[in-house]
Every structure is written in C-alpha cells, then in structure tokens.
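A quick write-up on the structure given underneath.
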Amino acid sequence: MTQKMPHSAAGQMVGYLYQCEWALVELARRWFKDPQTELRMEMLDDIDILRQGTPVELVQSKHHGHAGELGSTSADLWRSINSWCDALEHLPAGQLPMLRLVTTQTVSPGNVLAKLRHDARDVTAALAELEAIAGDPDGAKTTLPWRSRFMACTAPTRAALVGAIVLDDSAPRVSEVDSTLREVIGIWKNDDQSQAILEELKGWWWNVSLDMLDHANPARRMSVSAEELRTQIDYVSGKYTHTALPVVDSLDDLTEQEIAQYTGHVFVEQLKLIGLGNRSIRAHIGEYH
C-alpha cells in the first residue's frame, strides 16, 4: 500500500530525524578548527552550539519534502522567532547568541529575508517589515500568538533579536545530508569502505543523540564536543586503512581495571598535555589496547 494514511506523521518524523542528522553536520564543520566546541539538542533550541559552556549559536532546523519559498509571513519563520523569544528568558541579560534558521526552502533575492543572510545584510529593512507583519491585525491566525509575542518585546529587544538572526536557506534535504557529511568529514571516495565508515560514524552519533535527548535519564549526557567527534572520526577511519582489518569491538567493552592499567603511560600523559578530555583519552586507550 503506497497511499499515506490520514493520521500519518511521516513528515514530522523526517523533521526530527533531519534535526539529529543536521546536528552532526553542525558539529562536523567544527571538528578540525574548533575542537572545544560543544553541541546539545532540545535545550534552548533545536540545536545549541556552545563554547566554554556558553551558547554562541541557537539553530532551528526546518525540513520540507517539497521545494518551496520561505516568506516573511511563513509559519516556520514566526515559530522560530517565538522559540527565540522563549530562549531570551533563559539567557543572561545582554547575552544574545547568533540565531540561525536552517531551512530546505529557498529565499528569492527580492524577499526581505534575503537581507538576513550572511552576506548583504540589511537588518534595519528586515526589522521594519517584520514589525509591520507582526502588528498586522489581518495577518494569519496561525502565527498570531507568535507575532504578538514578538511585538510584546521592547523595541531594543526586537532590534537585537532580528539583528542576531542569520538565514541559511536551500539547505540539503535529508536524502542529501550524507553527501554533505562526506564533504565536511573528508570522505571523498564513494565506495563500500567509505560507506562503512559513514554508517559506523552515524551509528555512534545516533547513540550519542539518544543519550542527550533522554531527559528522563538522570545520568544522561548533556552535550558532545567536536573533539569527541574528531576522535571518533580518527578511530573509525583508522580501522579501514589498507593495512588494518576492521575492529568491531566497542570501546565500552574495556573495563575500568583495564583503563587504570594505562595510568602514567607516556602516551596518556601526552594526550592530557594537549588538552584531550577523558572520553577522548579513553578512546585512544581503546585503540592502544
């Protein structure tokens, strides 16, 4: 049966899966140049990027199954703005991270939202139009609560919020994320070995994502660092070199007693000297072991 059932939540599920996969892309873009960056999900926003524990970017991810344009009256935009208004209440006064909207939809050159891209920004023009739309009594009922929330902010707050928005349109769709990952990670070949590396890395990532999203678990993971991802990339890629056979044993199989045996070893002390955290050191001990 190919017909979609009336109660199908396929679109929403793809959106959630896309959020998790896009979070991996966000972290992978920082794994080499900024290894101390951390990422968490479903805290202040869909994706939070942190440095030294401080949020520096809040990312909304919006996935659509079909091509379309994001407009200044779109529900996606106003839902995101409403989410950022919520986040402001949980941030210290005067601390406003970059607010990024990543969407698979496009923004035409004549659209005022084009003035909120990284290049050719015109925050003043964008703010004026968004305030006009937010205050329009004849606007869409769906977005009315979000538009009202925006207008309830003070004028300086509205200006600061719009000034922090960065629009990333035409983002890869969920079926295209693997190609983007290959590019940012540096897996250039499209063969069985490269696919195995990618699948193993994503398998690790889904476990990490579940650990972060399981809010009911008191011992859940709060964030993951680009350093950890870098270690995992090195570990997985190293298993598939021409001179090595794949090792499928989990690093978690090492007992604490086995880990303790390496305390004081030269390579462990060297890893500490360059600032690697315990998780990364444990992974390297696993490789050595």
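The values are calculated or read from the model by the stated rules, or taken from the named source; none is laboratory data. Since the structure is predicted, the reported quantities are computational estimates derived from the model, not experimental observations. Methodologically, a virtual Cβ is constructed for each residue, glycine included, from the backbone with ideal geometry; neighbour enumeration extends over all protein chains shown.
Based on what the data block shows, is residue 22 under 18 Å from residue 180 (Cα atoms) and of a type outside the set (Ser, Thr, Tyr)? Show your work before the answer.
Numbers: under 18 Å from residue 180 (Cα atoms): yes; of a type outside the set (Ser, Thr, Tyr): yes.
Yes: the conditions hold for residue 22.
For segment 236-257, indicate whether the set of residues that are at pLDDT 75 or above, touching a Ser or Thr at 6+ places or on another chain (Cβ under 7 Å), among the polar types (S, T, N, Q) and surrounded by 14 or more Cβ atoms within 10 Å (Cβ to Cβ) is non-empty. Spell out the reasoning first.
Of segment 236-257, the ones at pLDDT 75 or above are 236-240, 255-257.
Next, from what is left, pick out any that are touching a Ser or Thr at 6+ places or on another chain (Cβ under 7 Å): none.
No, that holds for no residue.
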Query raised in the report: Can you tell me which residues in segment 129-170 are among the hydroxyl-bearing types (Ser, Thr, Tyr) and over 23 Å from the mean Cα position of the chain (by Cα)?
Result: 142, 143, 148, 154, 157
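Examine segment 69-80 for a residue that is under 19 Å from the mean Cα position of the chain (by Cα), under 30 Å from residue 152 (Cβ atoms), among the polar types (S, T, N, Q) and part of a helix (DSSP H, G or I), and state whether such a residue exists. I'd like the intermediate steps shown before the answer.
Step one: filter segment 69-80 for residues under 19 Å from the mean Cα position of the chain (by Cα), giving 76-77, 79-80.
Retained after the next criterion (residues that are under 30 Å from residue 152 (Cβ atoms)): 76-77, 79-80.
Subset that is among the polar types (S, T, N, Q): 80.
Among the residues that remain, those that are also part of a helix (DSSP H, G or I) are: 80.
There is at least one residue in segment 69-80 that is under 19 Å from the mean Cα position of the chain (by Cα), under 30 Å from residue 152 (Cβ atoms), among the polar types (S, T, N, Q) and part of a helix (DSSP H, G or I).
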Query raised in the report: Of all residues in segment 266-282, which are modelled with pLDDT of 75 or more and in contact with a helix residue (DSSP H, G or I) (Cβ under 8 Å, 6 or more places away or on another chain)?
Result: 267, 268, 271, 272, 281, 282
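Going through segment 219-238 one residue at a time, which ones are without any contact (Cβ under 8 Å) to a residue 24 or more places away in the chain and of a type outside the set (A, V, I, L, M, F, W, C)? Walk me through how you get there before you give the answer.
Restricting attention to segment 219-238, the residues satisfying the condition of being without any contact (Cβ under 8 Å) to a residue 24 or more places away in the chain are 219-221, 234.
220, 221, 234, listed by residue number.
Take the residues in segment 75-118 that are among the polar types (S, T, N, Q) and in contact (Cβ under 8 Å) with a residue 40 or more places away in the chain, then tell me which one is surrounded by the most Cβ atoms within 10 Å (Cβ to Cβ). It would help to see each step written out before you state the result.
Kept after step one, since they are among the polar types (S, T, N, Q), are these residues of segment 75-118: 80, 82-83, 95, 103-106, 108, 111.
After this cut, where a residue has to be in contact (Cβ under 8 Å) with a residue 40 or more places away in the chain as well, the list is 82, 95, 103-106, 111.
On the way: 82: 17, 95: 10, 103: 24, 104: 22, 105: 20, 106: 14, 111: 17.
Looking at the filtered set, the residue picked out is 103.
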Requested in this report: Identify the residue in segment 1-59 that is of a type in the set (D, E, K, R) and over 23 Å from residue 103 (Cα atoms) and, among all such residues, is modelled with the lowest pLDDT.
Outcome: 4
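Look through 163, 139 and report the one residue that is at pLDDT 95 or above, outside any strand (DSSP E or B) and not assigned by TED's automatic domain parsing to the domain that holds residue 196. Lay out the reasoning, then the answer.
On the way: 139 fails: at pLDDT 95 or above.
Selected residue: 163, the only one of 163, 139 that is at pLDDT 95 or above, outside any strand (DSSP E or B) and not assigned by TED's automatic domain parsing to the domain that holds residue 196.
Give 112, 123 a once-over and let me know the one that is more than 30 Å from residue 201 (Cα to Cα), among the aliphatic types (A, V, I, L, M) and either outside the structural domain of residue 20 (by TED's automatic domain parsing) or over 25 Å from the mean Cα position of the chain (by Cα) (or both). So that I can check it myself, show each step before the final result.
Values: 123 fails: either outside the structural domain of residue 20 (by TED's automatic domain parsing) or over 25 Å from the mean Cα position of the chain (by Cα) (or both).
Step by step, each of 112, 123 is checked, and only 112 is more than 30 Å from residue 201 (Cα to Cα), among the aliphatic types (A, V, I, L, M) and either outside the structural domain of residue 20 (by TED's automatic domain parsing) or over 25 Å from the mean Cα position of the chain (by Cα) (or both).
Tell me which residues, restricted to segment 171-192, are in a loop (DSSP other than H, G, I, E, B) and under 15 Å from the mean Cα position of the chain (by Cα). Lay out the reasoning, then the answer.
Initially, segment 171-192 is screened for residues in a loop (DSSP other than H, G, I, E, B), giving 171-173, 186-191.
Answer for segment 171-192, where residues must be in a loop (DSSP other than H, G, I, E, B) and under 15 Å from the mean Cα position of the chain (by Cα): 171, 172, 173.
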Query raised in the report: How do the pairs read when you match residues in segment 266-289 that are in the same structural domain as residue 233 (by TED's automatic domain parsing) with residues anywhere that are at pLDDT below 75 and surrounded by fewer than 13 Cβ atoms within 10 Å (Cβ to Cβ), using Cβ under 8 Å and keeping only pairs 6 or more apart or on different chains?
Result: 267/288
Query raised in the report: Restricting attention to segment 132-157, and to residues there that are without any contact (Cβ under 8 Å) to a residue 60 or more places away in the chain and within 22 Å of residue 103 (Cα to Cα), which single residue is surrounded by the fewest Cβ atoms within 10 Å (Cβ to Cβ)?
Result: 144
Report summary line: Here the residues within segment 28-68 that are in contact (Cβ under 8 Å) with a residue 12 or more places away in the chain, surrounded by fewer than 17 Cβ atoms within 10 Å (Cβ to Cβ) and over 17 Å from residue 172 (Cβ atoms) are 32, 34, 36, 42, 51, 52, 53, 54, 56
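Those residues that are of a type in the set (Gly, Ala, Ser) and at negative phi, I need them from segment 53-67; list them, please. Walk me through it before giving the result.
Filtering segment 53-67 down to residues of a type in the set (Gly, Ala, Ser) leaves 53, 61, 65, 67.
Correct list: 61, 65, 67.
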